[in-house]
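One structure is given below, encoded as structure tokens.
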Amino acid sequence: MAIDVAIVGGSYAGLSAGLLLARARRSVVVIDARLPRNRFAEASHGFLTRDGEAAAAIADSGRLQLLAYTNVRFVEGTAEAAAREGAHFVVSLGNEKITARRLILATGVVDELPAIPGLQEGWGRTVFHCPYCHGYELGLGRIGLLATGEDSLHQAMMLPDWGPTTFFLNDAFEPDAAQEAMLRARGVEIEREWVLAVEGERPTVILDGGRAIPLEGLFVAPRTRMASDLPAALGCAFAEGPLGPHIRTNEAKETSVPGVYACGDAAREAGSVSHAVGDGVTAAIAAHRSLIFDVH
């Protein structure tokens, strides 16, 4: 027998979608591998009422609240395949197949950092991607930005609000004269030597010439890729953002595949916990309405 909605991905977006659908008294299954994108971060910031709490604690609390609803089932595991079969969708994982009338993808993305020793080890603790999430805690100390492309210019212009900024170009970007003038007007120091490594708990950037530049924190905008093959396998269309592809949706978070909705980081150019929660609400309401009116 088909349930109303299967949600693939049980982090902030998926849990938020599940909560709204549970409260609409719809049958819901949430499938999650328990590998959230922000699992490397010690704390989550900028989410109203939960600022500074451990990221895992926020998700655990949300999961407990969701599972208080008897019409919700949580399945821990990886959704291996999904396909439309007639009027329904079938999601496969392990030895189980879940049939649902609607499908919400909250499958997230994976960050791909430049291949520089020390970056991955510091990711989420001393190496960050979002100043709104982590900049305040650096206490206006010296911070750095590692360029990954032309879009790093935007980040370099913003970062001085969180501390004196050094922009490590690393041959990934070269500002023209006008751009360099803008950066210098913001007080950004431009560094053209290659970055060889990032070392230490208080990150120190080691340059090709042997100089060591200590920082309070280092920012980098990683490329992202889909964390799951399901969106592509279902035929969802993608849009190319500045950091990588994301699932293309309309304002109701419906994908190009009727009956399939997407929310969270997988369906945004850039995300946060707050954005993910809001997206989950939007996707849930749209999916619920489509069940009532049988429209997509």
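Quick notes on this one:
- Scanning the range 194-227 for residues that are of a type in the set (Phe, Trp, Tyr) and under 30 Å from ALA106 (Cα atoms) yields a total of 1.
- Only residues that are in contact with an Asp or Glu (Cβ under 8 Å, 6 or more places away or on another chain) and either surrounded by fewer than 18 Cβ atoms within 10 Å (Cβ to Cβ) or of a type in the set (Asp, Glu) (or both) were counted across the range 44-73, and they come to 1.
- Scan of the range 86-108 for residues that are among the charged types (D, E, K, R), modelled with pLDDT of 95 or more and more than 11 Å from VAL260 (Cβ to Cβ), ordered by number: LYS97, ARG101
- A single entry from GLN155, GLN65, GLN120 fulfils the requirement of being more than 19 Å from SER272 (Cα to Cα), in a helix (DSSP H, G or I) and outside the structural domain of VAL277 (by TED's automatic domain parsing): GLN120.
- Residue check, ALA284 surrounded by fewer than 15 Cβ atoms within 10 Å (Cβ to Cβ), in contact with a strand residue (DSSP E or B) (Cβ under 8 Å, 6 or more places away or on another chain) and aliphatic (A, V, I, L, M): no
Condition check ((1) surrounded by fewer than 23 Cβ atoms within 10 Å (Cβ to Cβ); (2) modelled with pLDDT of 95 or more) across all residues:
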position	(1), (2)
VAL205	no, yes
PRO214	yes, yes
PRO242	yes, no
HIS288	yes, yes
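- Hey, GLY144 small (Gly, Ala, Ser) and either under 27 Å from ALA33 (Cβ atoms) or crowded, with 16+ Cβ neighbours inside 10 Å (or both) or not: yes
- Which numbered condition THR70 misses (of (1) under 21 Å from ALA287 (Cβ atoms); (2) in contact (Cβ under 8 Å) with a residue 12 or more places away in the chain; (3) polar (S, T, N, Q)): (2)
- Residue within the range 43-54 that is in a loop (DSSP other than H, G, I, E, B) and more than 30 Å from THR126 (Cβ to Cβ) present: no
- The requirement of being within 26 Å of ARG50 (Cα to Cα), surrounded by 20 or more Cβ atoms within 10 Å (Cβ to Cβ), of a type in the set (Ser, Thr, Tyr) and touching a residue at least 12 places away in the same chain (Cβ under 8 Å) is not satisfied by THR165.
- Unique match (being small (Gly, Ala, Ser) and under 19 Å from the mean Cα position of the chain (by Cα)) among ALA212, ALA227: ALA227
- Scan the range 253-280 for residues that are more than 17 Å from the chain's Cα centre (by Cα) and on the phi > 0 side of the Ramachandran plot and the total you get is 1.
- Figure legend. Inter-residue proximity from the range 12-25: first residues surrounded by fewer than 24 Cβ atoms within 10 Å (Cβ to Cβ), second residues not β-branched (Val, Ile, Thr) and not in a helix (DSSP H, G or I), beta-carbon distance below 6 Å, spacing 6+ or different chains. Indicated pairs: ALA22/TYR69; ALA22/ASN71.
- Any chance ARG101 is farther than 30 Å from LEU119 by Cβ, outside any loop (DSSP other than H, G, I, E, B), in contact (Cβ under 8 Å) with a residue 12 or more places away in the chain and in contact with an Asp or Glu (Cβ under 9 Å, 6 or more places away or on another chain): yes
The values are calculated or read from the model by the stated rules, or taken from the named source; none is laboratory data. Remember, predicted model here, so these are calculated numbers, not experimental data. When we count neighbours, we look across all protein chains shown, and the Cβ atoms used for this are built from the backbone with ideal geometry, even at glycine.
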